[in-house]
Every structure is written in C-alpha cells, then in structure tokens.
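Report on the structure given below.
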Amino acid sequence: MKKQLFLQVLVLAFLFVMASCGDDDSGFIARGDGSSLEDDSSDSEGDEDSADSKSGSSSSKKGSSSSGKGSSSGYSSSRSSSSSSVRSSSSVKSSSSSLASSSSIAYEDIPGKAIAGVYQGFVGHVVMPTIEVRALTSKLEYVDSTVSYAGKIDSIGYRFSVRGLPEDIEYAEIHVRVNDGTNSTIRYYVDEYAVVNLKGVDSLYVNSAMNFIYKRVKYLVREKGLSFDEAKAQAESDLRKAFYVEEAFHDLERIDVLHDETEGGYWAATIATTESISWLGNALRTDFWSDAFVTDGTLNLGDELASGLASTFYNCVGLACLGDVYSRHANRDPIRVNLIKFFDTVSGRGACTSDRAGDVFRVASDTSASGFYTCDGKEWDRSTVMDRDMYKLDFPVCGTTEKTVIGASKFEYYCNGKGTWIEARPWSVDVPVKFRLNPDIDYGTMIDPRDGQTYATVKIGNKVWMAQNLNFKGYKNKADEDSTLMANLSGGHICNSKKEAHCDVCGRLYDWAAVMNLNESMDSVTAKAMIVDPHQGICPDGWHIPSTDEFEHIITEYYSSNTDKTADMLRSRQGWGKSVPDKDPVGFSALPCGIYFNSLNMGWAFDDWGSEAYFAATPRYHLHTEITMSASFTGIGSYDNSSRHRHNSVRCVKNDD
C-alpha cells in the first residue's frame, strides 16, 4: 500500500515539473504598441497589427546563409508608422526562447530551419531594427498567431538571420520593425512586411518595396483563389503599373536593390526609394494598402503626392532626404532618372525634350513659388522668378523694340529688341545702362566734346553729377588732343574682362595717373600739392573729379548724419541682385562694375564684377582715394592708400557756376 502511494506521488510530481517547463515565458519579444496579433484570415486590413510574441520551435538541421545579386529588379515593403509607449511584457509562449534560456544552447546552435539575408529598407536610425517570422498556411493564414520566430540583424550591412523555424515551413510572413525616433517615453516605429515562400530557400532579400504588395498578395490568395506564385506575380505586375514601369522585374525577394544593375533592378530600387522617404513612404503605403489597390490592383496617385514628391526631390540637399535606399545605393544616377520619370507621369508634366525648351509647368496642388518647373530642353528644373512671372502674366511679345515690363513678382524685365526677355534685377551687361536709370528721375544730358559721347546727368542737392560712368579713351579729332592727357591716359584704362561691351555699360576703369591726369612717376609730395579741389583730371572742361566731401554731401543732403544705409541711396534700382532694395532715390544709379588691380597673389586681376562699385575721388590723406559700395553691405566705404595702380570707375561733377 505504501509502495502504491509513493508511485502516485511520484507521478504527480513529474506532471507538475513538466507543466512548469511548458509555462516558461522568459523569452518574450518587446513590441512598440503592445497590441495582440490575431489571425487575419477574415480581414485583409488587419495584417499590420502587431503583438508581443515568442518564437515557436521545432528540431532541424542548422541552416546555412548565402546571398547573391538578383537577376531581375523590383522591391517592396510596407511601412506603418506608430507611436506608443514601449512595453516589455508578454504572455505568449516561446518554445525556442524557452529552449535557449533553459539550457546552454547558443543562438547559432538552435535546432530547426535557418534563413539568412539582407534587409534593404528603412535603416540608419536610433535603435537597430528587429525581425521576426510567422508561419502561414497555403491560404496565407497564421498557423499559430501566438508563435513567432525572432531573428537578429547586424549593425553594418543589415544582414539578418532567423533560426529555429519548422523544417517543413513553406509560406511565411516577415516583419521588420524600425525605430524611427525616440524620446524618454515614446518610440516611433516603422513596420515593414513581406510574404514569402521559404520552401527550399535559405537566403533572401527583404526590401521596402515588398511592403507595398503585402496585402494584395494575401487578398488574391484568400479571396480570389490564386496560388501563392500566381498572386505574387499579379501583385508585382500591379506594382509596376502603379509606378508606370515598362521594364519587368520578378521575385522581389531575390533582387539586391542596392547593387542590381539591370533596368528592372534600378526600377525596383526606385520603388524602394519612394517607400524609404519618410513622409512619402507613409503616404504611398496608405495608397497601396487601400481597398482600391488591395482588391483591384489600381492606384490613382494624385496632385498632392506629385507636389510632395517634387518638393522632396528638388529641395533635397545631400542624400538623406531621399531616403535610406537612395543614399546607400551603389549607382544613384539611374534611380534619379527614374524618379524624374515617375514625377513626370504623376504630375502630368511629361518628359522634358528639346521641342519643349522654355515650357513652364505648375504642379496643380502646389500654390507656392516652388511649384513651378521649367524645361531647358533636357530636363526640368525649378523655375526662375522670370519663368513664373511669364507663366502668370500674358507677357507681350519681345519683338524689335527695346522695352521693359514689371512682372507679378514686382521684378522688372528688359526686352532686348531681338526677341529675348532678360531679367533686370540680377547683374548683366545685356541690359543697357539707360534701362538701369531710375524712370522716376528727371535726368539731364551732357555731351563730352572730346569724343562726342552722351551721358545722363542728375542734380543732387546743389551739384550736377554724371549718372553714368566715364567712358573716355581718346579724342574724336586728333587735332584737338591734349598731349599731356593722352600720355597719362596711355596704358591706364581698361574695360572689365577686356570686353568692349562691358565699357558700353560700365564705362572704363582708370588708374591714378589717368584719373588725375598726372605723370605716374611724380613724387607724392609734388602730386598732392598739384591736386587742388576742384581738380579736373580726366574729366571734360567744366567738370571735375569729385572729392570725398562731395560724395558725403549726397548722403547728408538726405540722411543728415545717418550714413548706415547710404549705399541704398546710390546703388541703381536693378543690377545688384534680388536681395538689394529697389531704391536709387537720388538717381545716382551706381552699377557693380568691379575693379582692376595688381595683386601679389594673382598679378593683374579683375574682381567684384557684379557685386561692388569703386569710384575715384581726389585724395584726402593719401594719393589714392576710393569710394566703395557693395551688394552685401548697406553703408559706403572710403579707402585711402598710396597705390597708383588700382583702376576705378569715374563720375565727374559739374563745376559751380
């Protein structure tokens, strides 16, 4: 009797121990949203639900891993962003985790089927991605929704491995979760899914493009009765059509989207690129997981998507804003070309060809200035202000008559009389000097009797100034020549960049000897004694080289002692760039004609063309005095030195009566 009772107690103890082993839950997988994953066989929209789960296990041989270059292209991933408190508890059993934790078996030695591969999707964030696999039936329903198989992803090449899978596993769902950001309490996740056939497969690629067709494949198998291979082929075909792709690609899990150099491979990488751009991937995933695409394989990508894609692509500086796939790709140029083709079609603008040069296109839903694009005959680029103005306004035809118009942007445009409109605000010698003058000023004229050239003049205060730079280089009639002036002028004047057309707008740049009409070899004491205001110098009779005081009187006439913004008073309305105020209130109309000087580093050189003006003045402290103004500063500078070789512009002032 005692022996029988002992045996009963022993059996009960054995059963208790076995039950305890079966309840071990030490190997749970932490999930970002803490929700439970249910079999979604009756709801194709439930596939993105996530759950805390553990890995199931079965015995098998240790799997090997290998990877190779895909022979076709294409790539899909499903992204799902979520924000939730991080959870770290689970009630789902994990027999493989239990096995590993209750024994000394290392991860590499866990028995069962093993797969390996490379994740090529949304990476490079705060926390490494996680990967897990769930077994599916032939109807792509979960074999057991409470069982998953957790894998590992390395931090360099994003190679992954998953071990402990059933030896006879065929269809499977792969889920990659990426942490897209974190703070002290919240983590933001991107979830990507793929449905694959693992029969006879031990290595594969998982990329973001596979996410787009994830739900479509499940729907075709469950609701339309297609086989897995048929459903995947149909879904990949639908994916190509959605991106207007003619080049075929098949079996996305076999394509290395970062290195495949086939046409199909580049398109697969392009599709993956759109999914790995943060905001765009979220928008596209919504479209690809919509009823329209899941049930019918149709997708209508509208103007809002086109506008967002354009903004991302054309505002991108560097690589990060175009996503992880693009930034990591071995050859990005074909992807860029494909992105442009995609945008050409989605936006409705079409390809930029030679016969469309000059066409301006506006993305319908984009009301900002950045929504305009101009075809240069080869490719589209952001439209200039002038392009946008001409698109918005019914610009008159630029025929054979010179004229100017004001655009909607308030910028001015000049018609050169040869059929071409030119934007006047940036610096260009293609705009004649007379169109740089202030049209609200009543200018006079002065004819230089020496060569017959005519200059605009303007009265500022009680002084009459030339409103254009002097362009004198010699007498019209040799009999009238001043031999001293011609000797001092010889070799002392030049056109900027040595182009006569520049002198037509800017006048000439003169050195000290030419400006002052004094011999270059004259000693400083003698020279300074000979320069007494008003000093005629190179100016015609009745006119003189301005003194520094005369330049300053222009300012004090209007601003008293405040000279902080004096350059705004003297600079021309146009020609200094878009950031310079459109003023020129006194009509001085200074142009950024630059300087010519001899530098120790560069030798003789032109500088500051289009950005600064340098005017000669009679000396104040040293022999050489310059009055300067810049596009970058609001004030006026005065520069004194002993150099006689710096070449400046000249404005003459009329002598007092």
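The values are calculated or read from the model by the stated rules, or taken from the named source; none is laboratory data. Keep in mind that what you see is a predicted model, and the values were worked out from it rather than measured. Please note: Cβ atoms are built from the backbone with ideal geometry, for glycine as well, and neighbour counts cover all protein chains shown.
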Worksheet entry | Residue tally, condition closer than 20 Å to Tyr326 by Cα and more than 27 Å from the chain's Cα centre (by Cα), over region 241-261 | 6
Worksheet item: Just a yes or no: is a residue in region 435-455 within 27 Å of Val653 (Cα to Cα) and assigned to a helix (DSSP H, G or I)?
Response: yes
Item to complete: Give me a count of the residues in region 445-466 that are of a type in the set (Val, Ile, Thr), over 17 Å from Val505 (Cβ atoms) and in contact with an Asp or Glu (Cβ under 9 Å, 6 or more places away or on another chain).
Response: 2
Worksheet item: Looking only at residues in region 282-315 that are at pLDDT 70 or above, part of a helix (DSSP H, G or I) and not hydrophobic (A, V, I, L, M, F, W, C), which one is nearest to the chain's Cα centre (by Cα)?
Response: Asn282
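Residues of region 595-609 being surrounded by 13 or more Cβ atoms within 10 Å (Cβ to Cβ) and farther than 17 Å from Gly635 by Cα, which ones? Show your work before the answer.
Within region 595-609, the first condition is being surrounded by 13 or more Cβ atoms within 10 Å (Cβ to Cβ), and the residues that meet it are 595-598, 606-609.
The answer is Ile595, Tyr596, Phe597, Asn598, Phe606, Asp607, Trp609.
I'd like to know if region 465-485 contains one or more residues that are assigned to a strand (DSSP E or B) and touching a residue at least 40 places away in the same chain (Cβ under 8 Å). Steps first, please.
Just the residues of region 465-485 that are assigned to a strand (DSSP E or B), to begin with: 465-466.
Narrowing the set further to residues that are touching a residue at least 40 places away in the same chain (Cβ under 8 Å) leaves 465-466.
Yes.
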Discussion item. Restricting to region 248-289, name every residue that is of a type in the set (Asp, Glu) and either under 17 Å from Ile213 (Cβ atoms) or outside the structural domain of Val196 (by the TED database) (or both).
Written reply: Asp251, Glu253, Glu275, Asp287
Worksheet item: Can you name the number of the only condition in (1) closer than 25 Å to Gly587 by Cβ; (2) surrounded by fewer than 17 Cβ atoms within 10 Å (Cβ to Cβ); (3) among the aliphatic types (A, V, I, L, M) that Val433 fails?
Response: (2)
Worksheet item: So which residues in region 511-528 are of a type in the set (Ser, Thr, Tyr) and in a helix (DSSP H, G or I), if there are any at all?
Response: Ser524, Thr526
